[in-house]
1. Mind listing whichever residues of the stretch 160-179 are of a type in the set (Val, Ile, Thr) and either closer than 14 Å to Asp190 by Cα or in contact with a Ser or Thr (Cβ under 8 Å, 6 or more places away or on another chain) (or both)?
2. Could you list all residues from the stretch 114-150 that are outside any helix (DSSP H, G or I) and touching a strand residue (DSSP E or B) at 6+ places or on another chain (Cβ under 9 Å)?
3. Determine whether the stretch 236-252 contains at least one residue that is of a type in the set (A, V, I, L, M), out of contact with any helix residue (DSSP H, G or I) (no Cβ under 7 Å at 6 or more places or on another chain) and on the phi < 0 side of the Ramachandran plot.
4. In the stretch 80-87, is there at least one residue being outside any helix (DSSP H, G or I), touching a Ser or Thr at 6+ places or on another chain (Cβ under 8 Å), at pLDDT 95 or above and surrounded by 21 or more Cβ atoms within 10 Å (Cβ to Cβ)?
5. Across the stretch 32-73, what is the number of residues that are touching a residue at least 12 places away in the same chain (Cβ under 8 Å), in a loop (DSSP other than H, G, I, E, B), in contact with a strand residue (DSSP E or B) (Cβ under 8 Å, 6 or more places away or on another chain) and not charged (D, E, K, R)?
6. Counting just the residues of the stretch 1-54 that are of a type in the set (Asp, Glu) and surrounded by 11 or more Cβ atoms within 10 Å (Cβ to Cβ), which one comes out nearest to Thr244 (Cα to Cα)?
7. Can you tell me which residue in the stretch 123-164 is surrounded by the most Cβ atoms within 10 Å (Cβ to Cβ), limited to those that are of a type in the set (D, E, K, R) and closer than 18 Å to Leu273 by Cβ?
Amino acid sequence: MITEKIDLYKWAGVERKGEEKGYLYSFRHMVVTEMNVRKTRPAILIFPGGGYCFVSQREGEPIALQYLAQGFDCFVLDYDIAPAHRYPVPLVQAGMAMMYLRREADKLNIDGEHIAAIGFSAGGHLCGCISLLWDDPALKAMWGEECERIRPDASVYSYPVVSSDKAVAHVGSFDNLCADLVDRKDYSLDKKVRPSAKPSFIWANSPDDCVPVENSILLYSALHKAGVPVELHIYADGWHGMATCDEEVNEGDVSDPMFRHIRTWIPLSVEFLKRFGFVVKNV
C-alpha cells in the first residue's frame, strides 16, 4: 500500500489565509511492474463527519481500508472546522481535493472518470455539497467553468446531514458551517437536487437520535423525483456514527448479529458502484 499526505494548498498554488488543514491522505495500491498489463482503479474520496466542529478519525482511515480491499484507491480529506473556519472553507477544500484527483488521475494511476465520494454525518453534507452544489459561488470563483469537474461520478451518503428544516435538522452542523455568513436554506441538500446529479447510495439507522433518519429519506425522495439513480437502505437497529460497524470503531461487544447486519452497507455500496463502472481495469 502506498500512503501519502498531500498539501492541497501547495498543489493548487493557493496561499493559506489562516487555514490549518486542507490535507489529503492517500491509501493506494502499489503498481505491479511484473505484469504486462497496467491496472487503473476507481477512486473514492472520503469525508469524515464531526458536525463541522471536529473530523472523526473513526470515519477516515477505517473506511479507506474497507474500500481499498475492494479494489479502490482511497483518499481521506482532513478539512478545517468551526469555530475558526466556516463557509466557504470546508467546501473549498473539498473542491480542491476532487480537482486534485481529476487533474492528477494519470499520475495516481486512477480512473479519472470513476471517482466517487463518500461522507458520514456532516461529512455526508460536505459530500452532498460537491455532488449537488458543485457550482457554488465559492467553487466557481476558484475554478471557473471547470468547477463541473468537482462533481463526483457517484456519491455514497452515510447517515448524512441533509435538511436545514429545524424539525429534522442537525442544527449544530448548520450553525458551524453557515453561522450568519450564508442562508442555511441554500445548503439544505434536499432542496438543491438536480437531474444532473450522479448515482447515489444512502444508508442510515432508523433509531438515530443525532441526525434523524428523515434526512436520508428527504434526500432519497428528492433524488428519485429528479430521476437520479438512487438506492436507500434504512436499518431498523443501530445508532449514529456506526461507521464500519466493527471493533475498530465501536466500543464493547460487536458480536451481536446487529453489527454484522448493518455492516452489509459496505458490500452493498461496492456492488452499487460496480453497476456504474467502478471496477478495476486493465490498460
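1. Those that are of a type in the set (Val, Ile, Thr) and either closer than 14 Å to Asp190 by Cα or in contact with a Ser or Thr (Cβ under 8 Å, 6 or more places away or on another chain) (or both): Val161, Val162, Val168.
2. Of everything in the stretch 114-150, those that are outside any helix (DSSP H, G or I) and touching a strand residue (DSSP E or B) at 6+ places or on another chain (Cβ under 9 Å) turn out to be His114, Ile115, Ala116, Ala117, Ile118, Gly119, Phe120, Ser121.
3. Yes, the stretch 236-252 has at least one match.
4. no
5. Of the residues in the stretch 32-73, 8 are touching a residue at least 12 places away in the same chain (Cβ under 8 Å), in a loop (DSSP other than H, G, I, E, B), in contact with a strand residue (DSSP E or B) (Cβ under 8 Å, 6 or more places away or on another chain) and not charged (D, E, K, R).
6. Residue satisfying both the conditions and the ranking: Glu4.
7. The qualifying residue surrounded by the most Cβ atoms within 10 Å (Cβ to Cβ) is Arg151.
Here's the yes/no breakdown for (1) of a type in the set (A, V, I, L, M); (2) exposed (fewer than 15 other Cβ atoms within 10 Å of the Cβ); (3) on the phi < 0 side of the Ramachandran plot:
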residue	(1), (2), (3)
Lys166	no, yes, yes
Phe174	no, no, yes
Leu177	yes, no, yes
Tyr187	no, no, yes
Pro207	no, yes, yes
Val211	yes, no, yes
Ala222	yes, no, yes
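The values are calculated or read from the model by the stated rules, or taken from the named source; none is laboratory data. Owing to the predicted nature of the structure, the values given are computational and were not obtained by experimental measurement. Glycine gets a Cβ as well: all are built from the backbone with ideal geometry, and neighbour counts include every protein chain shown.
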